[in-house]
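*Asks:* Pasting a structure here, questions to come.
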Number of protein chains: 2
Amino acid sequence: MLNEMGQRAKAAARILSRVSSEQKNRLLTDLADLLWVERSFILGNNQKDVEEAHQEGLSEALIDRLTLNADRLMGVAQDLRAVATLPDPIGEVIEAQQLDNGLRILRQRVPLGVLGVIYESRPNVTIDIAGLALKSGNAVILRGGSETLHSNRALVTCIHRVLEANGLPADAVQFIDSPDRSLVHELLLLSDYIDMIIPRGGARLHEFCREHSRIPVMTGGIGICHLYVDETANLEKSIPVIQNAKVQRPSVCNALDTLLVHEKVAPQLLPKLVQQLTTDGVRFRVHENAFSLLENIQGENIQLAGPGDFDQEWLALVLGVRVVESLEEAIEFIQMHSTGHSDGILTENPEHAQKFLSEVDSAAVYVNASTRFTDGGQLGLGAEVAVSTQRLHARGPMGLKELTTYKWIIQGQYHVRP
Amino acid sequence: MLNEMGQRAKAAARILSRVSSEQKNRLLTDLADLLWVERSFILGNNQKDVEEAHQEGLSEALIDRLTLNADRLMGVAQDLRAVATLPDPIGEVIEAQQLDNGLRILRQRVPLGVLGVIYESRPNVTIDIAGLALKSGNAVILRGGSETLHSNRALVTCIHRVLEANGLPADAVQFIDSPDRSLVHELLLLSDYIDMIIPRGGARLHEFCREHSRIPVMTGGIGICHLYVDETANLEKSIPVIQNAKVQRPSVCNALDTLLVHEKVAPQLLPKLVQQLTTDGVRFRVHENAFSLLENIQGENIQLAGPGDFDQEWLALVLGVRVVESLEEAIEFIQMHSTGHSDGILTENPEHAQKFLSEVDSAAVYVNASTRFTDGGQLGLGAEVAVSTQRLHARGPMGLKELTTYKWIIQGQYHVRP
């Protein structure tokens, strides 16, 4: 069954690759309109998912993630309109040159072809991904979580209606309408038809894809993120940055996991910081070298760090804390424990900043900013499909361009190779 | 054992990533010098490989591929000097912007990290790859063919001497000094240490890597290449292009496999072409729709094409020939049978050229030129590691830039995300 979906996706991709920017943009705004027109159909189906989730005893956090309401749906529609306004990457000439022998050579951006996207819970991802795939001229096969089957089915119905109304093949966006997990494995083997697999989910999903896929996989979205407070940092200004990185949205991959503090400023910074973040509900896992500095404010939320606590993506209001003797030690520690997602330094010393930027090899490296900025929207891409922590093809936030490849176009006058 | 090699390679890669362009260039020219100084040591070891190959009854073609002589070694050394003169991609700022909120953002090119390269027979690949890896700041683990173990051992000894003389870790270029094939499989699992696998060999090696690797693989180098002679082509000028594409070096991936000819010009072109290429020793597999056109020049080298003959990378002086009714049929045929490597049109009609360029989705698409130009050196990259026929990361010839990734550098004034 998936084999046929693959074939149809590939045929649709050929058509999509030559659709004009205007038509693609109209498609996205039409879809935004239709989502709103069909809101009671969509929200009704979402309600079925929510009810089933309650029956199955899913956590409130998970149920919140899969719940749509009018506001959220409006947000999804607005994101589509925003993507419609972004520049179309397809057709862009990346490089052009004429060689001495007269050959004219250019590299021109073209769609990747067919994307396979495997994701969990949040139904808005269905629309986000479809919008980005279509805008970049790609077909996509979606594999959403079983807990949002009703919602996704309704959303994909809307997508198909809009595709067909615009004279484009519905097969451009296909949906694996079954909770059967073995289909994920099957999807990963369709290397004849799918050009890129994007897993959006936890570490286990990424690991599964990397192990079983015969298609290139964009892994990412796992962030053990660090901030290092240098001895020269402005401590007063540092606290809000640390707080933002940890507290603003603790469940996401670019949230702060581990704070490193230079020993010269730790006595001054840590008690104040811990008191402040305690009011936000943060719990601390403190290395023994910082524990004594917090003697006067002991509380249940301050624990000695255990083994493995610095190799943990918390995704919660938990913060690892450790004192270091030097910038070098901080960099060494980050190289050892970071997942290469987002790591930063807080400093007033430009040389320290430069050394950190040059030696810490993560997708995003920061000076004096919260790690929470690692996001396609925040970094000027307008949208994002995923955040890559692998090194091939794309690194960090992936926007429209990262869903493209290029072809070499070579034009001669009956040239032969000497 | 490979695990340790991986660890050491990763440590070496960290050092290499910060080596100056000057030092890297000196390294390459020092290596070029040393190869020449040590030519009798190298050629003596190569001679052992050649003798063993004779004993084991390898084909003359294969023995020729693995044989080094003073000229070939000089060529290898010259290639190193050429790579030394190429611009260093590392440190290049790909994009820079300042957002309205004051955040300064740039994407800067950095090395991929550690490459794993699996290749067959030709010992010059050992030096080519080491040179390109080092110039782009990457460490590399090499897995050469068992038939060139002596040669590769000697070459790697030279590389290590030069690395150490330049104060750099010998671990930057490591060599799996064993013919044990299970080590290839083991290498493909080292995803903690290796960032990219480059197989250089036949279809089976690529297939094996794609099936077993947990590391991203750059597949490529398999080319079923087409030329389509449009009804408007200048036939006189077309023959030398077809000849060049088929005859100049038939054993390589960018050589021509299948010729498509518009029915209006086939009667005029084919007899002349077949006669001319027959003198070059070409054998023809002719579709029945072209066979009758060659009645008058029947020879042993002209056979009716069998099933599968148009899905074959010949790598030899064999050419498939077929007549088509239209440009559309040619494009459709190419989409069906091409491996997405190199395909071209010969035409005097700019609209036909444009349609072909836009609809044929191969790594390299040509107008009025031989497919033999799909090569990093020919297309202005200065050198090449491989030719990719996959769509992720890099497509077509891969030079130095294609051995890099980028990091996002974000600088603020204690910025927090709203």
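The values are calculated or read from the model by the stated rules, or taken from the named source; none is laboratory data. This is a predicted model, so every value here is computed, not measured. Here the Cβ is made from the backbone with ideal geometry for all residues, glycine too, and neighbour counts use every protein chain on show.
Matching residues to (1) under 23 Å from B:Arg395 (Cβ atoms); (2) within 25 Å of the chain's Cα centre (by Cα); (3) not assigned by TED's automatic domain parsing to the domain that holds B:Leu134:
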| position | (1), (2), (3) |
| --- | --- |
| B:Gly201 | yes, yes, no |
| B:Asn244 | no, yes, yes |
| B:Cys253 | yes, yes, yes |
| B:Asp257 | yes, yes, yes |
| B:Lys264 | no, no, yes |
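*Asks:* Identify the residue in the stretch B:398-412 that is among the hydrophobic types (A, V, I, L, M, F, W, C) and more than 10 Å from every other protein chain (Cβ to nearest Cβ) and, among all such residues, is farthest from A:Glu359 (Cα to Cα).
*Replies:* By that ranking, first place goes to B:Met398.
*Asks:* Of everything in the stretch B:234-252, what is closer than 21 Å to B:Gly376 by Cα, of a type outside the set (Val, Ile, Thr) and either surrounded by fewer than 19 Cβ atoms within 10 Å (Cβ to Cβ) or within 9 Å of chain A (Cβ to nearest Cβ) (or both)? Give them in sequence order.
*Replies:* Result: B:Asn244, B:Ala245, B:Gln248, B:Arg249, B:Ser251.
*Asks:* Looking only at strands (runs of 3 or more DSSP E) that lie completely in the stretch A:253-340, which have at least 3 residues being away from every other protein chain (no Cβ under 14 Å) and over 20 Å from A:Ser370 (Cα atoms)?
*Replies:* Of the strands (runs of 3 or more DSSP E) lying wholly inside the stretch A:253-340, those with at least 3 residues that are away from every other protein chain (no Cβ under 14 Å) and over 20 Å from A:Ser370 (Cα atoms) span A:302-304.
*Asks:* Related question: Within the bounds of the stretch A:387-397, is there any residue that is at the interface with chain B (Cβ under 7 Å from one of its Cβ atoms), surrounded by fewer than 21 Cβ atoms within 10 Å (Cβ to Cβ) and within 20 Å of B:Arg417 (Cβ to Cβ)?
*Replies:* No.
*Asks:* On to the next question. Looking at the stretch B:212-223 only, could you name the residues that are touching a helix residue (DSSP H, G or I) at 6+ places or on another chain (Cβ under 7 Å), at the interface with chain A (Cβ under 10 Å from one of its Cβ atoms) and not in a helix (DSSP H, G or I)?
*Replies:* Those that are touching a helix residue (DSSP H, G or I) at 6+ places or on another chain (Cβ under 7 Å), at the interface with chain A (Cβ under 10 Å from one of its Cβ atoms) and not in a helix (DSSP H, G or I): B:Arg214, B:Val217, B:Thr219.
Yes/no per residue for (1) charged (D, E, K, R); (2) at pLDDT 95 or above; (3) within 17 Å of A:Asp309 (Cβ to Cβ):
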residue: A:Gly202; (1), (2), (3): no, no, no
residue: A:Ser213; (1), (2), (3): no, no, no
residue: A:Val217; (1), (2), (3): no, no, no
residue: A:Leu227; (1), (2), (3): no, yes, yes
residue: A:Asp230; (1), (2), (3): yes, yes, no
residue: A:Leu235; (1), (2), (3): no, yes, no
residue: A:Ser238; (1), (2), (3): no, yes, no
residue: A:Asp257; (1), (2), (3): yes, yes, yes
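*Asks:* Would you call B:Arg417 within 13 Å of another protein chain (Cβ to nearest Cβ), closer than 30 Å to A:Gly344 by Cβ and assigned to a loop (DSSP other than H, G, I, E, B)?
*Replies:* When the stated conditions are applied, B:Arg417 passes them.
The rows are residues; the columns are (1) more than 30 Å from A:His341 (Cα to Cα); (2) modelled with pLDDT under 95.
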residue	(1), (2)
B:Glu300	yes, yes
B:Leu319	yes, no
B:Glu332	yes, no
B:Gln354	yes, no
B:Val367	yes, no
B:Gln378	yes, yes
B:Gly382	yes, yes
B:Trp408	no, no
B:Gly412	no, no
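*Asks:* For the stretch A:88-195, which strands (runs of 3 or more DSSP E) that fit wholly inside it have 1 or more residues that are more than 14 Å from chain B (Cβ to nearest Cβ) and farther than 25 Å from B:Gln335 by Cβ?
*Replies:* So the answer is A:114-119, A:139-143, A:173-175.
*Asks:* Considering only the stretch A:27-51, how many residues are surrounded by 16 or more Cβ atoms within 10 Å (Cβ to Cβ) and in contact (Cβ under 8 Å) with a residue 60 or more places away in the chain?
*Replies:* Total meeting the criteria: 11.
*Asks:* Now for a different question. From the set of residues in the stretch B:347-379 that are under 16 Å from B:Ser238 (Cβ atoms) and among the small types (Gly, Ala, Ser), which is nearest to the other protein chains (Cβ to nearest Cβ)?
*Replies:* B:Ala369
*Asks:* On to the next question. Identify all residues within the stretch B:130-153 that are surrounded by fewer than 24 Cβ atoms within 10 Å (Cβ to Cβ) and either in contact (Cβ under 8 Å) with a residue 60 or more places away in the chain or of a type in the set (Asp, Glu) (or both); write none if there are none.
*Replies:* If the condition is that a residue be surrounded by fewer than 24 Cβ atoms within 10 Å (Cβ to Cβ) and either in contact (Cβ under 8 Å) with a residue 60 or more places away in the chain or of a type in the set (Asp, Glu) (or both), then B:Gly145, B:Glu147, B:Leu149, B:His150, B:Arg153 are the ones that fit.
*Asks:* If you don't mind, there's one more thing I want to ask. Can you say whether B:Cys209 is modelled with pLDDT under 95, of a type in the set (A, V, I, L, M, F, W, C) and either assigned to a helix (DSSP H, G or I) or in contact with a His (Cβ under 6 Å, 6 or more places away or on another chain) (or both), as far as the supplied structure shows?
*Replies:* Yes; evaluated as a whole, the condition is true for this residue.
*Asks:* May I pose another question? I need a count of the residues in the stretch A:342-373 that are assigned to a loop (DSSP other than H, G, I, E, B) and either among the basic types (Lys, Arg) or under 19 Å from A:Val229 (Cβ atoms) (or both).
*Replies:* Final tally of qualifying residues: 6.
*Asks:* Name the residues in the stretch A:224-252 that are part of a loop (DSSP other than H, G, I, E, B) and polar (S, T, N, Q), would you?
*Replies:* A:Thr232, A:Asn234, A:Gln248, A:Ser251
*Asks:* Quick check: anything in the stretch B:100-121 surrounded by fewer than 16 Cβ atoms within 10 Å (Cβ to Cβ), free of Cβ contacts under 8 Å to residues at least 40 places away in the same chain and not hydrophobic (A, V, I, L, M, F, W, C)?
*Replies:* Looking for residues that are surrounded by fewer than 16 Cβ atoms within 10 Å (Cβ to Cβ), free of Cβ contacts under 8 Å to residues at least 40 places away in the same chain and not hydrophobic (A, V, I, L, M, F, W, C), one finds at least one in the stretch B:100-121, hence yes.
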